[in-house]
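Data block below; observations after.
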Amino acid sequence: MMRVSQTWPQEFARRYRDKGYWRGEIFPKMLRERAAAFPDRIAVVGGGERWSYGELHVRAETAAAGFLKLGLKPGERVIVQIGNRPEFLSVVFGLFYAGLIPVYALPAHRRTEIVHFANRAEAAGYVVADRGDGFDYRALAREAKVEAPTLRHVVVLGEAEEFSRFEDFEPDPALLPGDPSPSDVAFLQISGGSTGLSKLIPRTHDDYIYSFRASAEICGLDESSVYMAALPVAHNFPMSSPGVMGALYAGSRIVMCPSPDAQTAFALIEQEKVTITGLVPPLALLWMQAAANAKHDLSSLKVLQVGGAKFMPEAARRVRATLGCQLQQVFGMAEGLVNYTRLDDPDEIVVETQGRPISADDEVLIVDDAGQPVAEGEAGNLLTRGPYTIRAYHNEPGANARSFTEDGFYRTGDVVKRTPEGYLVVQGRATDHINRAGEKVSAEEIEDHLLAHPNVFDAAVVSIPDEFLGERSCAFIIAQGEKPKGAAIKAWMRTRNVAEFKVPDQIRFVDGFETTAVGKISRKELRARLRQAFLDGQAEKG
Ligand code: OOB
């Protein structure tokens, strides 16, 4: 069986242990200890459910036994695609208890993505809810199984049809394996996918638990805190910054918000007295707008975290006045490094910067395109290395060579400046993805789908500034044969079975792509020019 690993050079691992970042903590023990210490305290609320720490633990044990009884073997990978509901946690901790490795897919992912994850991870299992947002995940599972031959077991929450029903799982303590090692990979997270398809990010117990233990502290979580997961909980931000994992670590209460729209979220904030939650900038804008005529009492909310994409200072400045709470900016990535503005930072820092790293051992380098450090205060490419930043993606030799320097720094693709106080200000990015309301869309991945259309000769996908989404995608297309309509291109993208956020927002037909006298220009250069042409209003309308 394929092994999933993540290792740091020995001298680094020793330093991270000596400094007390890596404490040998593991997920199964983390929940078991809390369930023993305060069994009756409420751990998670949502969808009419209200589970104590003790109950979550028992449910996870039952889930673990069920997974193992199906024939899944410790060390195997299991894709989890579940929205924001308490069962997300009983499934995931069930997998941890069983020594299985969750692969966190988003509810928006469709066949193309699921099959890709399954094949890359050689996943043996797939856990879904029967339906969600009007979509039937059993139908998706049926299709995925055909194309991903390693998938042996599908487990469904709710109406299982021909698959195994999660609710039918029964406890069997004898089945549970021994504890994993803290340096083992605990799960696979999904990368934003800046070039091509999303990559799998193996995170160890030690490194990840450090990141959310420290995050919980930075965000002031304790047993009186109520953390609401409003963004899809499989994302690294609501998962661990401090997210649901940081909340469990701190013995806080978690509220699973099924949808981040202001009405749903405000009602839950009032009802559950939520103290902290995290949003992407477009949602923060919507909440600020909705708060003006909100009937709900939001006074319990102390901290609104905003991250995933750049939050503009003008908007950031309005948070306190509109929502009556403090803003915390969060600039992180599933690969590791997370920056926060601190709760006691002066307003100017909170409004103008994207925070500073969690750890004193997060190494941050800001370099020019030749790899040389830029002068202090200048903008450059952000490279990072540290106690919770990966050294390699899973099963991606090519991407690993591009994404990491020889001495193990991760090339984030972000362009940043550093203030004299050590805070980072995100200026933009060097790689070609579209950050659409926090969802990262790879230009290359979309171009590949467009090129498969019989009437598309060539395509280049670029990001266009969008007042609301931050960025939206625009596909420039050179047609061949009969020129299709823009709507037909979008419909085509939908037949490719990809997440809806990958469908280009705009389509423009052009006669050709301008090339230089020297001949061919790089895709990157081409995208930059098309983007500029669009902004200059010169692109020919399709
Ligand atoms: C978070 O993680 P990912 O993996 O979905 O995306 C990471 C990328 C960063 O490299 C950067 O390009 C962008 O998202 N980003 C931001 C940002 N936060 C993330 N760009 C500007 N300002 C920000 N505040 O998005 C993520 C993971 C953990 C915590 C928060 C966000």
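Every read-out reported here was derived from the displayed coordinates using simple, explicitly stated rules and does not represent laboratory data. It should be emphasised that the depicted structure is a prediction, and the values quoted were computed from it without experimental measurement. Cβ atoms come from the backbone with ideal geometry, glycine included; neighbour counts cover every protein chain shown.
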### Query
Quick one: of the DSSP bridges fully inside the chain, what percent are antiparallel, nearest 5?
55 percent
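If we count every other residue with Cβ under 9 angstrom of Ile478's Cβ, Lys/Arg +1 and Asp/Glu -1, where does the sum land? Intermediate results must be reported in sequence, preceding the final value.
Working: positive: none; negative: Asp458, Asp511.
Once positives and negatives cancel, what remains is -2.
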### Query
List the aspartates and glutamates whose alpha-carbon lies under 14 Å from that of Lys302, not counting same-chain residues fewer than 8 positions away?
Asp222, Glu270, Glu272, Asp344
### Query
So what's the back-of-envelope 222 nm ellipticity for the chain, counting only DSSP H runs of four-plus at -39500 (n - 2.57) apiece and dividing by all residues, rounded to 500?
-9500 deg cm²/dmol
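Which values, in whole Å and largest first, are the semi-axes of the equivalent ellipsoid of the range 205-431 obtained as the square root of 5 times each eigenvalue of the Cα gyration tensor?
Details: eigenvalues 190, 77, 44 Å².
Gyration-tensor ellipsoid for the range 205-431: 31, 20, 15 Å.
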### Query
Using alpha-carbon positions, what is the distance between the centroids of the range 149-227 and the range 298-315, in Å?
27 Å
### Least to most buried among Arg320, Arg138 (fewest other Cβ within 10 Å first)
Arg320, Arg138
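May I have the convex hull volume per residue, in Å³, for the Cα set of the chain?
Working: hull volume 86.4 nm³, N = 542.
Here the figure is 159 Å³ per residue.
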### Task
Using amide H atoms built 1.01 Å from N in the peptide plane, name the residues 5+ places from Ala479, or on other chains, whose amide H lies under 5 Å from its own.
Phe457, Val510
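Listed here are the pairs Lys145/Lys310; Lys19/Lys310; Lys310/Lys524; Lys417/Lys490; Lys73/Lys145; Lys199/Lys524; which of them are more than 27 Å apart at the Cα? It would help to have the intermediate numbers written out before the result.
Values: Lys145/Lys310 38 Å; Lys19/Lys310 32 Å; Lys310/Lys524 22 Å; Lys417/Lys490 37 Å; Lys73/Lys145 18 Å; Lys199/Lys524 20 Å.
Those over the limit are Lys145/Lys310; Lys19/Lys310; Lys417/Lys490.
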### Query
If you plug each phi of the range 332-340 into the Karplus form 6.51 cos²θ - 1.76 cosθ + 1.60 with θ = phi - 60°, what whole-Hz ³J(HN,Hα) values come out, in order, with x for Gly and Pro?
x, 8, 4, 5, x, 1, 10, 10, 10
### Query
Taking Cα centroids, how far is the range 320-373 from the range 419-492 in Å?
26 Å
### Query
Based on the alpha carbon coordinates of the range 295-393, what radius of gyration and maximum Cα-Cα distance (Dmax) apply, in Å?
15.9, 55
